[in-house]
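Written below as C-alpha cells is the structure these notes are about.
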Amino acid sequence: MATTRDPDPPSSSIFSQRSSRLPDDTVFYAVFPDFSLNPSAAPTSLSSSLHSLRLQILQTLSPFTSDYLWQHEPFTLSVSPHPNSSCLCSDRHPHLHGKLRYGDNLEDEWFTVFLLFEISRRFPDLSIRVWDTDGEFLLIEAAFHLPRWLNPDNSLNRVFLRRGDLHIVPKDRLPSPSLDDSLKFIAEFGDESRAPEPVQAVVKNRVSEYPERARMNVHRVRVLVPVSVARVLKHEPCLISLAVEGFYDRDIDTMKYAAKMEKFLSRGREEELVRVSVKMSRAMYAQLVQQTFQAPKCYPMPSRTGASSSAYLEAELGMKIACGFEMMYQQRRREGLEGKGSSWEAFRESLEKSGYFEGLLPGSQEYRRLTQNAEEYYKHSSLFSNASEMISAPVRRIDEILAFPYSEDDFKGQQVPPSDDDSWLYNGEDDLNSALQERQKELDLYNARHKNKQKSKVQQDNGESCSTNVDEFDPSEIAKTMKAFVSKVSSYKGAEVPANRNLKEVDLDVDRFIKDMESIMKQQGLEDIASDSDIEEGSSSDLDFEESDDESDVAEPSEGNEDGDDTFMQSYSDVLNEELKSTTIKKSFIRANEQAAKKDEGTSNTMADMEEDFTPVDADVNLVKSLLDSFSSQEGLPGPASNLLGLMGLHLKDPNKGK
C-alpha cells in the first residue's frame, strides 16, 4: 500500500517573482516605512504600526477611489509582518504590499501609480516600489532621459517613490545594492538619489492629469435589463466590472449558465425589463459593444424590426450585462464551494515546481492520488478559506440584495439620462497620432542632445586641432579601427564595436581625398625606388628567383631559424603574383608606387610594367578607398558603408549635397 504524503507548503510565496512568471496584466507595489528598517523593533510593535499605517493610507485615498470603477479589482494594501510574506520583492522587511489586475484597461495601472505618488507625498517617511511584468516600467516611460549607466540588468532595487519624487539609487554609491541597502540609502541620502529633473518631468507628466482623467474615463449608458439586474446595480454599481469580466472572459462552461439564466431570469421570457443608466469605464463599454453575442432563447429580447437603432442597442447591451452577471455569479458560486480558482491553480503550480509530483505523467494513477492529497491539504489550509471568502463575497452580496422583495414598479417613472456620446470609440486615430508625435519629439530631442554631447566630447579630447575644425580627421584611423575590430576576439555575445569611439559628423570631399591619398603614395613610391637602386641588381630579384635553377639560391631552413619560413612565404607570394598578373584583378587595387612608376621618365616602360606587376598592394589605402567608393555609390541613402563607418565613429556627409 502506497504511503500517503502531504504536500509541504511552498518555501516561498505562490506569488513570488522568483518562482513564477508575473502575469502580463497586473501591477505590483510595496510600501516600506522607515520604522521597518529598525532591526531592534519588536515584531508585535511592527505589526501594530503597519496595520495602523494601512488604515491611514486607505482613508487618505478614499476621496480618489470611492467612485472609481476598477476593471477587475480595487486598489488594496495587505500587511506582511513576517519573513514568509507574499510580497514580490522582499522576504525580510515588514511592509505593506498589493497587486492590481488591470486587464485591458491600462488606465487602472497609471491611476495606481498616481495613488502611490499621493501616498509618498502624504506620508514622507516611507519608500514605495512599483513594477509589472516589464520590470521598472516608470523607467521605460522616461527612457530618453535616463542616465547612460542605467539599464534593466542593474536597475533592481534602485527605483523608488519617496516624498512625491522618483528616486534612483546612484551606481557610484551602491554598485550592486540589496533592498536593505537601497532603503537605508534613500532614507538617509534622499537628495543624492532623487532622479534628474527631465526624468521627474516625464514620469509626473504621465500622472499629472489624474484624478480628473479618471473622471473623464467614465462612460454612462442607458440599458434595458431584467429587474433583478437593475436592483443589484442600484445597490452595488461597482459589480458592473465583474459582470463585464464574466461576459468578456466567457468560455464553453460558463456559456451553459447563460443559456439557462437561472438566477437573474427566473421567470424566463416573462421577466420584466426596465430601463436604467449604468456607469462603467470606457474599456468596459468597448468590450461590450465590440463583441457579437447571440441572446439566449430564454431571454426576452425585443425584436429588431420596428425598434430604433438606439433602442435596440439599449436592449442588446442590457442582455450582455445580464448574461455577464449570470455567468459570473454561477462560476464564483461553484469555485467558492470547491475552493478552487486562481489561488488553487497557483498552489498547484508551486507544488509542481517544488517537485511534489516527482515527474509523474499527468493523468496517471499516482499523479491523481497525489493531486487528491494536495486538494485535501489545500481545503484545510488558511489559503483555502481566504480564497473561498474572496471568491464568494460577490455571490453573498448578490444573494443579500435579491433576498428582499422587489418589482419593476421600483424603477418606473424614473428619469433616465441619455447615453454619453461614444464617438471616442471610433475617433481614436487623432489620439494615437498625438501620442506618436509626442514620442517622436522626445526621440528628436534625445538625438539632438546626444549629438551635441558627442561634439563637445570630441572637442575636449582632440584639443586645439579639433576646436579649429571638428570636421578634420585622420584617414589612417579608419584602417586602424578596422584592423582592431577584425583582430579582436569576440565574446559569446558576438562582435562588438569600440565602446569609446567618438561619434562625429565629417564633411568630406571624396574625390579630393582620393587625389590626396594618391599624392602621398606617389612620394612613398619615389622613396621606395630610390632605396631599391642602392641594392645590387639581381641579388634579390623576383625574376632571378624565377629563372634560377641552383638550389643554393634558396635558403634552407634550419632549426631555430625562422628565415626559411619567411623565404617560403615570399616565394609563394611571388609565384601567386605571377599567376595573377595576366588577370584583371590587379587593376582593382592601388599599389604603393603606382603613380610614381608611371611618371618616372628615367625608367623604361618594360621595367615599369614589371615593377608594377610585383609592387605590393597597400591594404590600408585600398580599404579606405573601397569604403569611400561604396559610400559615394549610396548617393546619400543608407547602406553598408555608412553603417560600418558610423559604428567606427564617422558620419560622412552626402557628397552630392550642395552640387
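Given the peptides 157-170, 138-151, arrange them by the average over their residues of other C-beta atoms within 10 Å, most packed first.
Working: 157-170: 21.1, 138-151: 16.0.
In decreasing order of mean packing, 157-170, 138-151 become 157-170, 138-151.
Go through 245-252, 180-187, 638-645 and give me the packing order, highest mean Cβ count within 10 Å leading. Don't jump to the answer; show the numbers that get you there.
Details: 245-252: 16.9, 180-187: 19.4, 638-645: 14.8.
Highest to lowest by the protection proxy: 180-187, 245-252, 638-645.
At 0.36 nm per residue, minus the direct Cα-Cα distance, what do Lys455 and Glu579 gain on full extension? Give it in nm, one decimal, please.
Residue separation times 0.36 nm, minus the Cα-Cα distance, leaves 39.7 nm.
Based on Cβ point charges of +1 for Lys and Arg and -1 for Asp and Glu, what charge dipole magnitude is obtained for segment 223-325 about its Cα centre, in debye rounded to the nearest 20?
160 debye
Among Pro124, Ser47, Ser155, which residue has its Cα positioned farthest towards the positive end of the charge dipole of segment 26-209, with +1 placed on the Cβ of Lys and Arg, -1 on the Cβ of Asp and Glu, and the dipole taken about the Cα centre?
Checking the options against the dipole of segment 26-209, the answer is Ser47.
Determine ³J(HN,Hα), in whole Hz, for all residues of segment 201-207 in sequence, where each value follows from phi through the Karplus function 6.51 cos²θ - 1.76 cosθ + 1.60 and θ = phi - 60°; x replaces Gly and Pro.
Coupling constants for segment 201-207: 5, 5, 5, 5, 5, 5, 10 Hz.
For segment 390-400, just list the computed ³J(HN,Hα) in residue order, Karplus coefficients 6.51, -1.76 and 1.60, θ = phi - 60°, integers in Hz, with x standing in for Gly and Pro.
Along segment 390-400, the couplings run 5, 5, 7, 4, x, 5, 5, 5, 5, 4, 5 Hz.
At a Förster distance of 25 Å, what's the computed FRET efficiency of Arg121 paired with Met216, Cβ-Cβ distance as r, to 0.05?
0.65
Can you give the extra length, in nm with one decimal, that the chain gains between Phe35 and Lys353 once fully stretched, where that is 0.36 nm per residue apart less the Cα-Cα distance?
110.9 nm
Residues with amide H under 5 Å of Glu73's amide H, sequence separation 5 or more or different chain, H placed in the peptide plane at 1.01 Å from N; which?
Arg101
Spin-label point model (7 Å from Cα, Cβ direction): what's the Ile140 to Ser423 distance in nm?
The modelled label-to-label distance comes out at 3.3 nm.
To the nearest 20 Debye, how big is the dipole of segment 26-209 about its Cα centre, given +1 on the beta carbon of each Lys and Arg and -1 on that of each Asp and Glu?
Dipole about the Cα centre, nearest 20: 400 debye.
Here, each number is a calculation from the coordinates, and none is a lab measurement. Predicted model only: the values in this text are computed from it and were never measured. Quick reminder, even Gly has a Cβ in these numbers, built from the backbone with ideal geometry, and neighbours come from all protein chains shown.
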